[in-house]
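Visitor: My questions will all concern the structure given below.
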Amino acid sequence: MIAGEGVGMRIAIIAHLKYAIREPFAGGLEMHTHLLATALRRRGHAVTVFASMKSDPAMGLEAICDETSLLETGTAEAQDVTFFREHHAYLRLMSMLRNRRFDVIHNNSLHYLPVSMAETLDTPMVTTLHTPPVLLAGKRHPPLQVTIDAVRCRI
């Protein structure tokens, strides 16, 4: 709750875009995001979840992109198509968040842009890293790892 106001907080949750945040869940990250948004709404907070188009609208969904899973994209051009879809969706979102009023932003995505652009926002942002920054086949995710290293150096 916001001190002295007696009303719930305005909370933005940035979800990842690989799979829709809805039941049946594709995995633990989707379930975590859904349960978090649902529990916060139940406690009286105004929650907005920025996620893919097919996510559950009952969470306070604002869809920012189609799903980017390999099943949706296909494997022939998956790395390029997925990268650019996610990059542009998160870039638009982070730019838009500069003009939105939230009390806190919870970055629950696996993308480097919300982390690297957090300092451009007036709203405080927390990030939950659900997995080490990796790509397919155990390769490190250089953009996210570089961003994390840079942020650690500023702390």
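Visitor: Starting from 0.36 nm per residue, how many nanometres of slack lie between A46 and L91 once their C-alpha separation is accounted for?
Guide: Length difference between fully extended and current span is 13.9 nm.
Visitor: Same structure again: Can you sort M96, M59, M125 by 1.4 Å-probe accessible area, starting with the largest?
Guide: Final ranking, largest accessible area leading: M96, M125, M59.
Visitor: Top to bottom by accessible area (1.4 Å), largest first, where do R43, R10, R98 land?
Guide: Heavy-atom accessible area, descending, gives R43, R98, R10.
Visitor: If you add up the charges near M31, with Lys and Arg at +1 and Asp and Glu at -1, over every other residue whose beta carbon is less than 14 angstrom from its beta carbon, what do you get?
Guide: -1
The values are calculated or read from the model by the stated rules, or taken from the named source; none is laboratory data. Keep in mind that what you see is a predicted model, and the values were worked out from it rather than measured. Cβ sites come from the backbone with ideal geometry, for glycine too, and all protein chains shown count toward neighbours. All accessible areas refer to the heavy atoms of the entire protein, side chains included, with ligands and DNA or RNA removed. Shrake-Rupley method; radii C 1.70, N 1.55, O 1.52, S 1.80 Å.
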